[in-house]
Amino acid sequence: MTRPPEDRDLRDTALDTGQEPDALERRLARIWRTPPGLVNALSTVDHKIIGRRYIVTAFVFLALGGVLAMLMRLQLAQPESRFLSPDLYNQVFTIHGANMMFLFAVPVMEAMAIYFVPLLVGTRNIAFPRLGAFSYWVYLFGGSMLWIAFILQMGPDVGWFAYVPLAGPQYSSGKRADIWAQMITFTEISALAVAIEIVVTVLKQRAPGMSLDRIPLVVWAWLVMAFMIIMAMPAVVTASSMLILDRLVGTHFFNPAEGGDVLLWQHLFWFFGHPEVYIIFLPAVGMISTMLPAFVRRPIFGYLPLVMALLTMGLLSFGLWVHHMFTTGLPRLGESFFTASSMAIAVPAGVQIFCWLATIWLGRPAFRVPFLFILAFFFTFVLGGMTGVMVASVPLDTQVHDTYFVVAHFHYVLVGGAVFPLLGAIYYWFPKITGRMMSERIGRWVAGLLFLGFNFTFFPMHILGLQGMTRRIYAYPAEMGWGGMNLFVSLCSVAMAAGFLLFFIDIFRSARHGEPAGDNPWEASTLEWATSSPPPPYNFVRIPVVTSASPLWDEKGSLPVVSGLAVNRRELLITGMGNATPEVRETSPQNSIWPFFAAIATSVMLVASIFTPWAVVWGAIPLTITLIGWFWPRGTPEDDS
Amino acid sequence: MTAASAWRHLMPVAGILLGPGIWAVNMELGQILAYPECSGGFRFSTLATFLGAALALLGAFLSYRASGFRGGKGGPSAFVGSVCALLGSIFAFALLLQGGATLVLTGCER
């Protein structure tokens, strides 16, 4: 059946007759909505629904990882403890690390990007939204595989970085190391898929007028993060694939007896592993830069140096990996080059700190909960950064390598540098996601408990490390004299756990009973606050036009908007990379169940390939079928256009 | 695209092309050159590092020129030029730190 021409290209301007004031909203809602029902829930490509699922799943993994951390602290609270067996302890610390890095920290930063990048740049959906849906299911199945393996006593026990030869076929029989390696494949597939979406959305779907010097800083941070994922992740996928080949097929990539090289593993792993720290950290600092102006009532100080700092740290982070390998016997001259780069990265990090301090100094701070988390970040991250400069020095690192000093350092960097800003961001953006405010009173308790609990838990670990307590140790004799401080650390970790528990209670309570937030409760300046809370399926009734870096502050009345987009199909605006001048109208795909099926086919293939290499061959057939279904034209208005 | 227009497009991003590019190559040279330099002879790593720092600074300067910073030029191209000028300077600083290391280490230390 042929549609009439006016229906084939129905524009928003045609609905501006004034007879029905909300005709455009109703039309857009019909085109962009996700209908109710299980199949539709599995088929949705709405970036907000996928982003919300991603965020919730990541926080579930955070809670599970936190339970493992508490088990470890129970074990270490007193000398000679037999609470956990050595085998179980090995699994617990491995899964705690792998879970926190691969299933919480990286995915949650991407999840926030999936939800907020389209809103912050003023578009209606993320680029390649079906890829986003596929990415979420792969992430969920991969994470589930790791935890199911743990429940079945098959959890990896080789540390979160699975060093060979320990993780190789000579020393790790069974399938535990393979599960670690395949979990990497799952999470890297999903991470790469999201990274590609973010890059294209930021570079080609920004609202008209949002030139490079007007992009919100958190979007810059997510853009740098996405490029880093694209450049760093292939190294670890290569490494984990080589490990599986060594274990399953009998290759000898890491077997020195047959011409392989164990250090190759460390090079490949840390070429990914060190940038990963910045993959987690950069979005967090971007969040700080975007939240801060709302709480000091002035634009950010030093937009240009802050963008420079993000780009510089993203690039320099690729030249730091050998500082994880200072005790492997590499030539000191080569190591010193990595020390130099590790010291140099303190310059852009310091530039950021001074820009934020200047912003606060010149503004009128309002000590709301997100701002408290920003202050907690300053204190904690600066301490973690300083111990980072210490362990970047070869002589000191040689002394404290593989001790609790390093454990303290990286928790200061990761929790102080990423988790505190993230929690602040949750308090900041929760009203946009749910339409309700989180509790200010409970939030202050959460911030206080986490800040004090964290510092009292992890600061003493520096001292324990200097006293010689090694990482991954499952029990220690009373004569070592570490018992008192370990008991203190374990008791303080309870305060930290209480903080997280209170945070989750606040989330559940506020989602149902929180104060209604309104569109812009913080009176912030960026575009996501220009739409309703929670946003409608189409994000914006009309795509806004951006005239400054703080559009909601500088455009006192309503924002100028674009008109002329089609409303008979999902359509968005493609703009230029530099000036964001409009280039072309482009369709956005409809919901589809095929990404879900493709994720199932991928997951079955990856899990089966732990047991037989032929799974890759036979698994490719159903995967190909799902991809054909995914891309098959269906005669929808989106396909026709 | 003519040579002149290619040059006009490359100038603002010279800082981000030259600085990180040379720095990345120099990181690899640092791993490779330690072995031949330990056995004596010309200290190529010192020359490469300081030459690299100079080139990174040149890239930063070209970006600065293209940014039109002094002329008060605005817009995305000026922004890109300014960001790349600052970025190139930091990579020059990283290369200078590496150069310092080549002056005190012989390549034989393990």
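The values are calculated or read from the model by the stated rules, or taken from the named source; none is laboratory data. Nothing here was measured: the structure is a model prediction, and the numbers come from that model. Every residue, glycine among them, receives a Cβ derived from its backbone with ideal geometry; neighbour counts consider all protein chains shown. Ligands, DNA and RNA are stripped out before the accessible areas are found, and what is left, the full protein with its side chains, is counted by its heavy atoms. Shrake-Rupley method; radii C 1.70, N 1.55, O 1.52, S 1.80 Å.
Just a few scattered comments:
- Every condition in (1) open to solvent by 60 Å² or more (accessible area, probe 1.4 Å); (2) at the interface with another protein chain (Cβ under 8 Å from one of its Cβ atoms); (3) under 27 Å from B:A34 (Cβ atoms) is met by B:L47 except one, and the failing one is (2).
- Verdict on B:G59 being within 11 Å of B:P12 (Cβ to Cβ), open to solvent by less than 20 Å² (accessible area, probe 1.4 Å) and away from chain A (no Cβ under 12 Å): yes
- Top-ranked residue of segment A:289-328 - restricted to ones that are in a helix (DSSP H, G or I), aromatic (F, W, Y) and within 29 Å of B:G30 (Cα to Cα), ranked as nearest to the other protein chains (Cβ to nearest Cβ): A:F318
- Some residue of segment B:65-84 being without any contact (Cβ under 8 Å) to a residue 12 or more places away in the chain, outside any helix (DSSP H, G or I) and within 10 Å of chain A (Cβ to nearest Cβ): yes
- Selected residue [within 30 Å of A:R176 (Cβ to Cβ) and aromatic (F, W, Y)] from A:F134, A:F116: A:F134
- Per this entry, A:F318 is counted among residues that are under 26 Å from A:F269 (Cα atoms) and either surrounded by fewer than 16 Cβ atoms within 10 Å (Cβ to Cβ) or in contact (Cβ under 8 Å) with a residue 60 or more places away in the chain (or both).
- When we screen A:S81, A:S173 for residues that are more than 17 Å from the chain's Cα centre (by Cα) and free of Cβ contacts under 8 Å to residues at least 24 places away in the same chain, the only hit is A:S173.
- Counting only residues that are aliphatic (A, V, I, L, M), under 29 Å from A:V117 (Cα atoms) and open to solvent by 10 Å² or more (accessible area, probe 1.4 Å), segment A:257-293 holds 1 of them.
- Unmet requirement for A:A41, which otherwise passes all of (1) in contact with a helix residue (DSSP H, G or I) (Cβ under 7 Å, 6 or more places away or on another chain); (2) open to solvent by 10 Å² or more (accessible area, probe 1.4 Å); (3) of a type outside the set (D, E, K, R); (4) modelled with pLDDT of 95 or more: (1)
- Of the residues in segment A:369-390, none is in contact (Cβ under 8 Å) with a residue 24 or more places away in the chain and out of contact with any helix residue (DSSP H, G or I) (no Cβ under 8 Å at 6 or more places or on another chain).
- Subset of segment A:606-641 [aliphatic (A, V, I, L, M) and open to solvent by less than 30 Å² (accessible area, probe 1.4 Å)]: A:L606, A:I610, A:A615
- Out of A:L449, A:L362, one residue alone is surrounded by fewer than 18 Cβ atoms within 10 Å (Cβ to Cβ) and modelled with pLDDT of 95 or more. It is A:L362.
- Filter pass, A:L502 being surrounded by fewer than 15 Cβ atoms within 10 Å (Cβ to Cβ), farther than 22 Å from A:A366 by Cα and out of contact with any Ser or Thr (no Cβ under 7 Å at 6 or more places or on another chain): no
- For A:L383, the requirement of being in contact with a Phe, Trp or Tyr (Cβ under 6 Å, 6 or more places away or on another chain), in the same structural domain as A:V419 (by TED's automatic domain parsing) and open to solvent by 10 Å² or more (accessible area, probe 1.4 Å) is met.
- Condition check for B:L10: in a helix (DSSP H, G or I), out of contact with any Gly (no Cβ under 9 Å at 6 or more places or on another chain) and either open to solvent by less than 10 Å² (accessible area, probe 1.4 Å) or more than 24 Å from A:T328 (Cα to Cα) (or both): yes
- Being at pLDDT below 95, assigned to a loop (DSSP other than H, G, I, E, B), open to solvent by less than 10 Å² (accessible area, probe 1.4 Å) and among the hydrophobic types (A, V, I, L, M, F, W, C) is a description that applies to A:A162.
- Of all the numbered requirements in (1) open to solvent by less than 40 Å² (accessible area, probe 1.4 Å); (2) in contact (Cβ under 8 Å) with a residue 60 or more places away in the chain; (3) more than 30 Å from B:P76 (Cα to Cα), B:C38 misses one, and that requirement is (1).
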